[in-house]
Structure formats: structure tokens, C-alpha cells
Amino acid sequence: MMHGSSACMSNQPREGLRRMKIVFLSFKYWPPDFGGEMLHCIERLQALAQRGHSVVALTRRPPGSSRSEQQDGITVQRCPVAGRGLVARLAYLLWTLKVLSLTPYDALHLNFMPARRKPTAALVAWLYGALAKARRARTVSVVAIADNDEEVWRIRGKDGALKRLYYTNVDHLVAVSPALFNALDHWWPGKSILLPYGVRDDLFTPLSSHERRLARRALGLPEDAVVFITIGSAGRRKGIDLLAKAFARLAPQHPNWFLWLVGPMSRAEGCATDEQELAEIMAPLQEFPAQVRFCGRVNDRGELRQLLGASDVFAFPTRREGMPLSPMEAMAMGLPVVMSRIPGVTDVACVDQETGIFVPVDDVESLTRAMDRLGGDPLIRLQWGNNARRRINREFTWNIHISQWERIYRDGAAMRTPIESDATVMLNAGH
């Protein structure tokens with residue numbers, strides 16, 4: 001199902017433009033190691049491959065996997081030495097340096113480095129960037145998450161020195177939110193580009209009334225069910241502990257309300273999952289097993305669309321972000337959002353009291369009240385959900401997003417300011 005002309009045009013090559021060779025360098029690759037930015041990046045590269053560009057991913061090789069294969073237009077080349085330990089990381093470094101020294105390419109996109117420690121990662125990134133410069137290729141990196149709750153981008157001390165080393169030879173730093181862009185541009189004026197996420201509007205479109213009824217029936221929901229859904233790693237950074245406490249307060253009074261948790265629930269599903277922390281976080285929900293669904297990690301995007309389409313409210317009480325993608329995908333599906341107020345970060349796409357409700361960071365009381373309000377008012381859910389869908393389709397379309405990335409890889413957007421588009425004009429002007 002397509003939505004709007006942008007979805008129909010998203011895979012069309014742009015006439016008259018030279019085809020590029022883009023190398024995506026990441027020790028991790030999807031699946032199984034990805035977060036929101038990693039998945040989004042791979043989908044961007046797939047779209048660019050469909051436009052006729054050559055895209056190669058250089059990544060590690062899990063035991064039992066092939067050395068090379070095609071995945072949706074991307075040529076995935078894996079290190080000859082399998083694994084993720086020290087020997088595999090060193091082998092990956094030497095192998096990629098050899099490949100990058102012998103292969104012509106136009107742009108090198110740096111992602112996960114083959115290093116466990118920040119000093120080593122910074123040195124390796126510096127080395128890759130220097131090699132790309134020698135090959136007259138453009139080097140690009142994305143900054144997608146804030147450093148901490150109080151300070152978006154910390155450049156002081158040892159960590160700051162390592163960041164400067166890491167990004168010395170990177171030509172363009174792509175910030176996904178105004179807050180990150182402002183912080184980066186202060187230290188690297190001319191390198192920084194503001195480009196918020198685009199949403200797969202060819203995929204994340206609302207279910208029809210019939211599809212929604214069928215999806216909810218298949219998921220065992222009663223007709224009057226109200227479903228709160230969240231997507232992300234089940235940890236304190238995403239505020240899942242706050243969500244668990246808030247829902248535990250609401251569940252006894254609303255037996256027809258449900259909470260769906262989508263994301264890694266074990267080390268096997270996500271290597272960053274802290275199972276002890278997870279058990280503590282989920283403790284308040286143990287009393288309501290019939291109302292809580294632990295969906296686990298969902299890799300299939302079509303299945304994720306079905307879960308969002310069967311839900312009513314997207315809850316996202318995060319403590320720290322760059323610019324979260326999952327609330328935007330939920331908004332594209334027509335869901336209102338309850339989310340933390342982190343100016344310039346989570347409020348880039350969502351508008352308070354128009355497409356959802358902002359709550360203070362780390363405030364269970366406010367979160368509970370916001371969920372209670374949206375859960376109990378189907379008319380406002382419909383109105384704000386429609387507003388959310390229109391906003392995403394107007395400002396964050398996939399086709400425009402891919403065209404902007406095409407410009408970054410080709411010429412760094414040919415400017416020293418944020419990429420001009422309807423979305424970034426809106427971002428700079430404020431709400």
C-alpha cells in the first residue's frame with residue numbers, strides 16, 4: 001500500500017546524476033546487531049541502491065555466514081575471519097584497510113568501529129578517514145544520540161579529546177536533531193549538517209478499518225481494548241521503568257487496557273540488554289500478566305506495522321535520545337504519542353497537544369495522567385492521530401529524505417548550513 005506521491009517516487013533514479021559507489025563500513029550489521037539508526041541507515045542505503053548507486057557494506061562475519069551476498073541491492077562483504085573477538089577485530093581492520101586501499105569509491109560511511117574501547121575506536125576512525133582522503137573520497141558519519149540527560153554533546157576532558165580525534169578526518173557529520181546539530185556545529189562549523197529522519201511512508205501507512213479489526217482479532221484483543229505500545233530497548237534509558245510503573249497504576253481500574261513492549265528482552269535478542277535491570281524494571285507488571293504482552297524483538301517491518309496498526313497510543317518516556325525514529329513511525333500509522341519533553345530532540349516531529357502529549361523527563365505522575373487522558377478519550381486519539389499522520393506525510397517523507405542523503409554522499413549537500421527543505425525550515429523556525 002502506497003501513500004502519496006513520495007512513496008511512489010522513492011525508488012526512481014534521478015536523471016542526469018552520476019551514479020556513485022558508497023561504502024558502508026560497520027563491524028556490526030543488521031541482523032542481528034542494530035538499533036534504530038543502524039536499521040534506518042541500511043534502509044536508506046537500500047533505497048539508494050534502488051536508485052542505481054553501487055552500495056557495498058564491509059562488515060564482520062558471524063560463524064556460519066557467507067563471505068559475500070546481495071541483500072536488497074546492497075553487496076554485503078564479510079571479513080574472512082569469523083567472530084567478534086580480538087582476533088576477528090584485528091583481522092577486520094586489516095582486511096577493510098586493504099579493500100579500501102584497492103577499491104575506488106566516492107563516499108565512505110563510518111558506522112561501528114572494530115574496537116571495544118573509545119581510544120582504539122577513535123584511532124581507527126582517524127585511520128579510515130585519512131585513507132578515504134588519500135583516495136579522494138568523501139567521509140560521512142551520523143551522530144544520533146545525546147551524551148546524557150543534561151548535556152547534549154560533551155567535548156571536554158579525555159572523552160572530548162577522543163571525539164576530536166575520531167572526527168578529525170570525517171568530512172560531514174550528520175546530526176539527526178536540531179539539538180545535536182547546534183552542539184556539533186559549535187565545534188565543527190562547516191562539517192555539520194542537520195537532517196532529521198525520514199519515515200518509510202511506503203510501509204508505515206494506517207491499516208484500513210477491516211485490516212485493523214482482523215489484526216486485533218488475531219492478537220486476541222477484545223473489541224473495547226485500548227493498547228499502549230512502545231518500541232525500543234527495554235532499559236532505563238528508554239524510560240521503560242517509568243512506563244511499567246505508570247501502567248501498573250492504571251491497569252487495575254482499566255481491565256480492557258493493554259501494554260505491548262516491543263524490543264529485545266534478553267541478551268540473545270539484543271547484546272546490550274541488561275537482564276538483571278530488565279527483571280527489576282518489569283517487576284510492577286507481574287501482577288497483570290493478562291494485560292501485558294512482551295513482544296520481544298521484531299525484525300520484520302511488516303509485522304511491526306501490524307502491531308502498530310492494532311494499537312491506540314504510542315508511549316515513549318525516554319530519558320535520552322538523539323531523534324527517536326519509532327515514535328515517528330507510529331505517528332505515520334496514525335497513533336498519538338505520549339513522550340518525554342526533550343527540546344530539540346523528541347519534539348522535532350511531535351507537537352504537544354496537537355499530535356500527542358509531552359511529559360517531563362523522569363516524571364511517573366505526569367506520564368500516568370497523560371496515558372489516562374488518551375486512553376479514556378477515543379475522539380482525541382483519533383484527532384491527534386490524524387494530525388500526527390498528516391505531519392509525518394508532510395514534513396518527513398522518505399523520497400525527500402533519500403534525495404537529501406544522495407546530496408550528502410555526492411557533495412556534502414554543497415552547503416555549510418542545514419539542508420534546506422520544508423522540514424528543516426520548519427525546524428529552524430520552531431513550532
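Values quoted throughout were computed directly from the atomic coordinates according to the rules given, and no laboratory measurement underlies them. Please read all numbers here as calculations on a predicted model, not as lab measurements. Glycine also receives a Cβ, built like all others from the backbone with ideal geometry; neighbour counts cover every protein chain displayed.
With each label modelled as a point 7 angstrom along the Cα→C-beta vector, the L94-E365 pair spans 6.2 nm. Sparsely packed loop sites in segment 71-123 (the trypsin sites (Lys or Arg not before Pro) outside DSSP H, G, I, E and B with at most 10 other Cβ atoms within 10 Å) comprise R117. Taking the Cα centroid of segment 106-145 and of segment 45-59, what is the distance between the two, rounded to the nearest whole Å? Each part's Cα centre sits 18 Å from the other's.
For the residue pairs K28/K163; K21/K238; K158/K245, the alpha carbons lie more than 28 Å apart in K21/K238; K158/K245. When you filter the chymotrypsin sites (Phe, Trp or Tyr not before Pro) in segment 143-235 for DSSP loop state and at most 12 other Cβ atoms inside 10 Å of their Cβ, nothing is left. Taking θ as phi - 60° and the Karplus parameters 6.51, -1.76 and 1.60, the scalar couplings of segment 189-195 work out to x, x, 8, 8, 10, 8, 8 Hz in sequence order, x denoting glycine and proline.
For G36, neighbours were defined as the other residues whose beta-carbon sits under 12 Å from its Cβ, and their charges (Lys and Arg +1, Asp and Glu -1) total -3. At the listed q of 0.24, 0.28, 0.29, 0.31 Å⁻¹, the Debye profile of segment 195-236, built from one uniform point per Cα, gives log10 I(q)/I(0) equal to -0.99, -1.05, -1.06, -1.09. Fewest neighbouring Cβ atoms within 10 Å first, the residues V170, V298, V359 line up as V298, V170, V359. Spacing of the modelled spin labels on D72 and L123, each 7 Å from Cα toward Cβ, amounts to 3.6 nm.
Taking R0 as 22 Å, what FRET efficiency do you get between R217 and I380 from their Cβ-Cβ distance, rounded to the nearest 0.05? If you can, show how the numbers build up before the last one.
Values: r = 25 Å, r/R0 = 1.14.
Efficiency for this residue pair is about 0.30.
The simple Förster model, with R0 at 35 Å and r as the Cβ-Cβ distance, assigns R135 and R164 a FRET efficiency of 0.95.
Measure out, as a whole number of angstrom, how far apart the alpha-carbon centroids of segment 304-358 and segment 241-266 sit. Centre-to-centre (Cα) distance: 17 Å.
Among I74, I380, a tally of other beta-carbon atoms within 10 Å of each Cβ gives an order, fewest to most, of I380, I74. Note: segment 209-395, Cα convex hull, 112 Å³ per residue. Charge tally for I392 (other residues, Cβ to Cβ under 9 Å; Lys, Arg +1; Asp, Glu -1): +1.
So what does the Cα-only Debye profile of segment 70-123 read at q = 0.23, 0.27, 0.28 Å⁻¹, as log10 I(q)/I(0), no solvent term? Taken in order of the listed q values, log10 I(q)/I(0) reads -1.10, -1.27, -1.29.
Calculate, in whole percent, how much of the Cα-Cα pair population of segment 4-194 lies beyond 26 Å. Please report the intermediate quantities before stating the final value.
Values: 6084 of 18145 pairs.
Above the 26 Å cut-off, segment 4-194 has 34 percent of its Cα pairs.
In the chain, the calculated helix contribution to ellipticity at 222 nm averages -12500 deg cm²/dmol per residue, counting -39,500 (n - 2.57) for every DSSP H run with n ≥ 4. Under Stokes-Einstein, with the Kirkwood radius over Cα pairs as Rh, the value for the chain at 10 °C and 1.306 mPa s is 71 µm²/s.
Separation of segment 152-174 and segment 286-301, taken as the distance between their Cα centroids, equals 38 angstrom.
With K and R counted +1 and D and E -1, the other residues having a Cβ less than 9 Å from that of P284 yield a net charge of 0.
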